[in-house]
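A short write-up of the structure that comes next.
The values are calculated or read from the model by the stated rules, or taken from the named source; none is laboratory data. Computed from a predicted model, the values in this text were never measured in an experiment. Here the Cβ is made from the backbone with ideal geometry for all residues, glycine too, and neighbour counts use every protein chain on show.
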Amino acid sequence: MSDINISTSDRVIGSLVGAAVGDALGAPCECVHYKRILKEYGDFKGFADLEAVKAGWLPLGTVTDDTVIADLLIDAILANDGILDAHLFAKQWEEFEKPIPNPDGEPINRLNLMHWIERIPYLRNQLREINKRELGHGEANATNAIMYIGPVGLLCAGDPNKAALMAADVTSVNQHGAPRDAAAGYAAAISACFIPGMTVENIVETAISFTRDFKQVREMTAMIELAKKCKDCDEFVRRYYEEIIGPVIPFQDLEHLDKKHWKFTDELTCISWNSAEVLGPTLAAFLITKGEDASAMMLACAKVGRDADTVCRCAGGLIGAWRGRSCIPADWSEYVLSRNRWLRLEEKGDELAKLIIRRSNAIGRQLVNQAAG
């Protein structure tokens, strides 16, 4: 059951930090089959082990585009005092190329850190004729909605329905179709972490029920049923590749494999842009660990491979909202925050927490240990 001793502020900052840490932890495993992860990186237990084997192709500890666009979303929330919709988020996209002060080097141009497909809605946003809720039309159905939507769940703390509706609206800026439903389910789960008396099972049920899309619900339900049969996360990862990938979900769901950019040129890329493969493993690991072991949960979501940076980011964001910042290993947090100081995560997290508490008080909504926020 949700711990009443964890303050609202601690949960908000814990979720933001956990998500960034998860993003960086999962990044070296993105696109990699779990067997190759074990072969290349071993049974790693954190950043020190990954550093020892020179894992990944990005500087280790650096966040990916997932956290970069989440930073833009946080800016939109703070700039509008918690009022948010697709039009206001699209307005914030106009700031994507604005230089961000960087205490460790040259100013950051966030658009340059994004996957190229995000330039499509960015450019479409410059055409006044296109409605902001239609900017994501024609975008590849990918995980680029769920990957950043966590802050909406925080903003709507204690109101999963509002979180789901807002998430589906906001993500129309860069996505269309079913991926927005998965983003809605994840935002609802984050929001539900702030409701007194919630259990791990309640959080899982909330996420699935608010996803709505029947195909993703079916796929995630299969993952949850598998999780219930597993004694630990390692067993889940192994059986995931045997009982989910193939029987339930195709090994490769992308048609545009570009081997020029693929490290293991003799293999198919082991990637998926199916958002059910982000939220499903996140919920499965949350269930297996009973919401009590952030490191085990996040490591599993990294080692599952596939879209590992996004899976692990969602895992960190969820467990951080559930257990607070202290559940995220301190050495992991230090490793990532010190390498991404331009994000000002703790500062923005504190500002966001104060906004959430103020807005909750204004409507009389009681959150878990809100008074201690």
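Identify all residues within the stretch 69-104 that are within 21 Å of ALA20 (Cβ to Cβ), of a type in the set (A, V, I, L, M) and within 21 Å of the chain's Cα centre (by Cα); write none if there are none.
Within the stretch 69-104, ILE69, ALA70, LEU72, LEU73, ILE74, ALA76, ILE77, LEU78, LEU84 qualify.
Of all residues in the stretch 301-360 being crowded, with 19+ Cβ neighbours inside 10 Å and hydroxyl-bearing (Ser, Thr, Tyr), which is farthest from the chain's Cα centre (by Cα)?
Per the stated criteria, the residue is SER360.
From the list GLY18, GLY46, GLY22, which residue is surrounded by fewer than 20 Cβ atoms within 10 Å (Cβ to Cβ), closer than 20 Å to ALA300 by Cα, out of contact with any Leu (no Cβ under 6 Å at 6 or more places or on another chain) and at pLDDT 95 or above?
GLY46
Restricting attention to the stretch 53-63, does a residue exist that is under 30 Å from GLU129 (Cβ atoms) and free of Cβ contacts under 8 Å to residues at least 60 places away in the same chain?
No; the residues of the stretch 53-63 include none that is under 30 Å from GLU129 (Cβ atoms) and free of Cβ contacts under 8 Å to residues at least 60 places away in the same chain.
So if I check each of GLU201, GLU134, GLU139, GLU129, which one is closer than 23 Å to LEU318 by Cα and of a type in the set (Asp, Glu)?
Within the list GLU201, GLU134, GLU139, GLU129, the selection yields GLU201.
Can you find a residue in the stretch 125-146 that is closer than 19 Å to GLY14 by Cβ and not hydrophobic (A, V, I, L, M, F, W, C)?
No, there is no match, as no residue in the stretch 125-146 is closer than 19 Å to GLY14 by Cβ and not hydrophobic (A, V, I, L, M, F, W, C).
Identify the single condition in (1) in contact with a strand residue (DSSP E or B) (Cβ under 9 Å, 6 or more places away or on another chain); (2) without any contact (Cβ under 8 Å) to a residue 60 or more places away in the chain; (3) not small (Gly, Ala, Ser) that ARG358 does not satisfy, given that it satisfies every other one.
It fails just one condition, (1).
Consider the stretch 29-43. How many of its residues are surrounded by fewer than 24 Cβ atoms within 10 Å (Cβ to Cβ) and either among the aliphatic types (A, V, I, L, M) or part of a helix (DSSP H, G or I) (or both)?
Count: 8.
Could you list, in sequence order, all residues of the stretch 273-300 that are among the aromatic types (Phe, Trp, Tyr) and surrounded by fewer than 24 Cβ atoms within 10 Å (Cβ to Cβ)?
TRP273 - this is the single residue of the stretch 273-300 that is among the aromatic types (Phe, Trp, Tyr) and surrounded by fewer than 24 Cβ atoms within 10 Å (Cβ to Cβ).
Could you check LEU78 against (1) under 23 Å from THR143 (Cβ atoms); (2) part of a helix (DSSP H, G or I); (3) among the aliphatic types (A, V, I, L, M) and say which number it fails?
(1)
If I filter the stretch 127-161 down to residues being farther than 20 Å from GLU94 by Cβ and free of Cβ contacts under 8 Å to residues at least 40 places away in the same chain, which single residue comes out as surrounded by the fewest Cβ atoms within 10 Å (Cβ to Cβ)?
GLY138
Could you please give the count of residues in the stretch 162-176 that are buried (at least 22 other Cβ atoms within 10 Å of the Cβ) and touching a Gly at 6+ places or on another chain (Cβ under 8 Å)?
Counting residues in the stretch 162-176 that are buried (at least 22 other Cβ atoms within 10 Å of the Cβ) and touching a Gly at 6+ places or on another chain (Cβ under 8 Å) gives 8.
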